[in-house]
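Below: the structure, in structure tokens.
The values are calculated or read from the model by the stated rules, or taken from the named source; none is laboratory data. This is a predicted model, so every value here is computed, not measured. Backbone-built Cβ (ideal geometry, glycine too); neighbour counts: all protein chains shown.
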Amino acid sequence: SQYLVPGGPMRKDSTPNGKPAGSDPEVVARQLLVESEVDLAVLLPSGTVTYSPDPEMFAQIVRAANSWMTSTWLGKHNAAGRYKGSIRISTDDPHAAIREIEHWAGHPHVAQIQVTQHARDLYGSPIYHPIWEAAARHRLPVAMHINIAGAPVLSTPIGFFRYYLSYHSVAHVMAYVGHLISL
């Protein structure tokens, strides 16, 4: 199951022509950048699978998502250069993650590497050190964005969270804490 924010998390006028919120680059540019007077927007791709028991498949999914984002949002819809991208990587396959970093590191609008909280081990584990070294070598910060889509729902030692607020306020924080302490 998945917890959803009651009423939805987006502006009601951000869904033109029945498209999903945030899917129209021109509407996003007008609402986020122009009307809100924001200079730059760092995109966090979260609509793709965030975890898969098959690391090879997940590496292909993030490659496809990164290719689409860079050709669309960071390409033809980025004439002013105001969109910056987060390159998703599959931490379950460190070699594939490094290849993804190497592939996109020279892109002029790539601002950072993005990981999710779902990993086979805590991010302080030595198996991930080559990933962090590749990111540092290319001077790309690593950002972790919590996303529950397609991922196992965390629980407490005595059961699952009943309400979205509890899950969002505790489970997400605990995922961050675990990785941070391990680092």
Exercise. How about segment 44-64: which of its residues are in contact with a Gly (Cβ under 9 Å, 6 or more places away or on another chain) and either modelled with pLDDT of 90 or more or aromatic (Phe, Trp, Tyr) (or both)?
Worked result: 51
Problem set entry | Tabulated pairs, segment 164-183, first under 13 Å from residue 121 (Cα atoms), second among the hydrophobic types (A, V, I, L, M, F, W, C), C-beta under 6 angstrom, 6+ apart or interchain | 178/122; 179/122; 182/122
For this session: Return yes when residue 116 is over 13 Å from residue 43 (Cα atoms) and β-branched (Val, Ile, Thr) and no when it is not.
Result: yes
Exercise. Exactly one of (1) surrounded by 20 or more Cβ atoms within 10 Å (Cβ to Cβ); (2) outside any strand (DSSP E or B); (3) at pLDDT 90 or above; (4) among the polar types (S, T, N, Q) is unmet by residue 71. Its number?
Worked result: (1)
